[in-house]
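The next block holds one structure in the form of structure tokens; read it before the comments.
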Amino acid sequence: MALVAKPSSGDQGGDAPHLVFIPSAGMGHLLPFSRFIAALASQGNVDISVVTALPMVSQAEAEHFAALFAAFPAIRRIDFNLLPLDDATLAGTDPFVLRWESLRRSAHLLGPLIAGATPRASAVVTDVSLASQVIPIAKKELQLPCHILFSSCATMLSFLAYFPTHLDGANADHLAGDVDIPGIGRIPVDYPPNVLRNPDSLFTKQFIANGREIAEADGILLNTFDALEPEALAALRDGKVVPGFPPVFAVGPLKSTSTEKGAVHGAWLDEQPARSVVYVAFGNRNAAALDQIREIGAGLEASGCRFLWVVKTTVVDREDTAELNNVLDDGFLGRVHGRGLVIKEWVDQEAVLRHPAVGLYVSHCGWNSVTESAACGVPMLAWPMTLGDQRLVATVIRSAGFGLWLEHWSWDRESSLVRAAEIAEKVKAVMGDEAISARAKEVGREATKAVAPGGSSHRSMQEFLATLK
Ligand code: UDP
Ligand code: UDP
């Protein structure tokens, strides 16, 4: 992707559309925004503003935004100072969900901020976690079209959009059983975010409110592509999930930008044979329990495979001060020296996945990570958490056929630790599975085709741009 932002034609007095982006928090939500913004900025004929909520939750986010604005000087930054969130009932809430709530409760300040933008805004693009607050402001107060850039898969979007209808029919206010989504099929109760079983959780309330409002959006941008999720995309577009659903633009896989810095360990990877390394990483905000971390270590050791393993022990990176030596078994690093790298730093994950030495990704199934693995043609061993969208995401890996998901592998502490022996066995099995490997390569080729001129995602992007005229 060309990374030099062309001067915006707004600055030249032209009539380019002016898109105002309102992202949310958490790298999994910010990355699709910056990737989409970078793709647009390098096209040249769009004015772009980004509403930047201050202060940021994590170090990774702060650095990421700084790099984006430095690389694209034509992008305008609209600072958004959040109101303090002084609410004792929210003590103990996930810091990122809490940030969404701050944004939601400060959302009434967005109207004047966007109304004051020059040149006049032509459309708003926001995150799903803010949908129920931002869509009415954009549409009713500002009379602007409002699009959602969705941070997960089309399957998850179907669930979000249909869930309120399901609840109305079942006279319930939370997830209590399987959900039969028209056009998609039955979703077992333990696939959607399990926090939805708690009617009092903040996430549940936000999720239902956003699900009710999302059909009012003017369009939904998705970081997926037709060949990866053909059924879910068709069901949404045909109005089977929710009649009259807005246009769905599948524009993925979105490419990372050169502003995304991080460790690659390229020199070490260069020394490893093709497709020999297992990459192990569980996302930007998933802390594993110490005993599970040790089982993973022992499993990788016993597998005999080479590996690059990113260890994370806290939810927010600023708080992660643990030393690797205290986290891993005594002597582990010495025993795997040369064939295993264990790191505790931000990596440039897409660059790692693109390296020819990488043959498998053991993943928590964050959607961005899955699209990166798909784009790079790397097979996956899916180990989703139950908290968010990750089990629904794992269904996409399974149905697309480029990985293995062992449903009984959970992250729920001691009662169900996944043991080293099983980890070793399954890692070896997928590394040696030629059918999965061939399918992963094929998915990678389909991803490349989708974003090339004439491909389905390329066309979707053109169709989205045409709506702005
Ligand atoms: N990521 C990265 N380096 C890291 C950790 C994460 O580049 O050390 C990126 C990863 O490539 C992905 C995103 O951060 O694009 C994480 O989003 P995802 O949806 O996969 O999962 P989440 O972390 O939100 O659960
Ligand atoms: N999500 C949603 N509606 C909301 C809030 C979140 O559909 O009101 C989706 C969002 O796309 C995300 C998923 O729910 O992919 C899980 O949220 P979270 O960010 O906690 O998980 P993560 O993506 O970081 O794993």
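Coordinate-derived values only; no laboratory data. Since this is a predicted model, take the numbers as computed values, not measurements. Counting neighbours? That spans all protein chains shown, and the Cβs are built from the backbone with ideal geometry, glycine included.
For the chain, the mean residue ellipticity at 222 nm estimated from helices alone is -11500 deg cm²/dmol, where every DSSP H run of n ≥ 4 contributes -39500 (n - 2.57) and the total is divided by all residues, rounded to the nearest 500. Rounding to the nearest 10 and keeping the result within 0 to 90°, find how far the Cα-based axis of helix 456-467 lies from the longest principal axis of the chain. With rounding to tens, the tilt is 20 degrees. Think of the chain as having a plus end and a minus end, set by charges on the Cβ of Lys, Arg, Asp and Glu; of 155, 208, 115, 115 sits farthest toward the positive end of this dipole.
Taking the Cα centre of the range 266-448 as origin and assigning +1 to Lys and Arg Cβ atoms and -1 to Asp and Glu Cβ atoms, the resulting dipole is close to 360 debye. Between residue 189 and residue 271, the contour length at 0.36 nm per residue exceeds the Cα-Cα span by 25.0 nm. Per residue, the average separation of C-alpha pairs within less than 8 Å and at least 6 apart gives the range 266-448 a relative contact order of 27 percent.
Please work out the Cα center distance from the range 87-142 to the range 258-290, rounded to the nearest Å. Their Cα centres are 34 Å away from one another. When the alpha-carbon atoms of the range 266-448 are used, the pair Rg, Dmax equals 15.1, 44 angstrom. Counted over the chain, the DSSP beta bridges are approximately 5% antiparallel. FRET efficiency for the pair residue 234 and residue 386, taken as 1/(1 + (r/R0)^6) with r the Cβ-Cβ distance and R0 = 30 Å, rounds to 0.60.
For residue 409 and residue 66, FRET efficiency with R0 = 45 Å and r from the beta-carbon atoms, rounded to 0.05? The calculated FRET efficiency here is 0.75. Loop sites by DSSP among the GluC sites (Glu not before Pro) of the chain, restricted to those with at most 14 other Cβ atoms within 10 angstrom, leave 1-270 as the longest stretch without any of them. The local environment of residue 247, defined by Cβ-Cβ distances under 10 Å, has a net charge of -1 under the rule Lys, Arg +1 and Asp, Glu -1. Here the contact order of the chain, divided by its residue count and restricted to Cα pairs under 8 Å and six or more residues apart, works out to 15 percent.
Each Lys or Arg adds one and each Asp or Glu subtracts one; over the other residues with Cβ under 14 Å from the Cβ of residue 153, this totals -3. Once the mean of 1/r is taken over each pair of separate Cα atoms and inverted, the range 13-139 shows a Kirkwood hydrodynamic radius of 15.1 Å. How much net charge surrounds residue 236 when only other residues with a Cβ under 14 Å from its Cβ are counted (Lys, Arg +1; Asp, Glu -1)? Its environment carries a net charge of -2.
Could you give the angle, 0 to 90 degrees to the nearest 10, between helix 290-303's Cα long axis and the longest principal axis of the Cα atoms of the chain? Orientation of helix 290-303: about 60 degrees from the principal axis. You can think of it this way: the chain between residue 91 and residue 462 has 129.1 nm of extra reach, that is 0.36 nm per residue less the Cα-Cα gap. Listed values for the range 238-246 are Karplus-derived 3J(HN,Hα) couplings in whole Hz (6.51 cos²θ - 1.76 cosθ + 1.60, θ = phi - 60°), namely 7, x, 6, 6, 9, x, x, 4, x, and x replaces Gly and Pro. Using R₀ = 41 Å, calculate the FRET efficiency as 1/(1 + (r/R₀)^6) where r is the Cβ-Cβ separation of residue 325 and residue 118; round to 0.05. With a Förster radius of 41 Å, E is 0.15.
With all projection directions averaged, the alpha carbon convex hull of the chain covers 21.3 nm².
Please determine, in degrees from 0 to 90 and to the nearest 10, the orientation of helix 390-400 with respect to the longest principal axis defined by the Cα atoms of the chain, where the helix direction is its Cα long axis. It works out to around 80 degrees.
According to the Kirkwood relation over distinct C-alpha pairs, the hydrodynamic radius of the range 182-304 is 19.2 Å.
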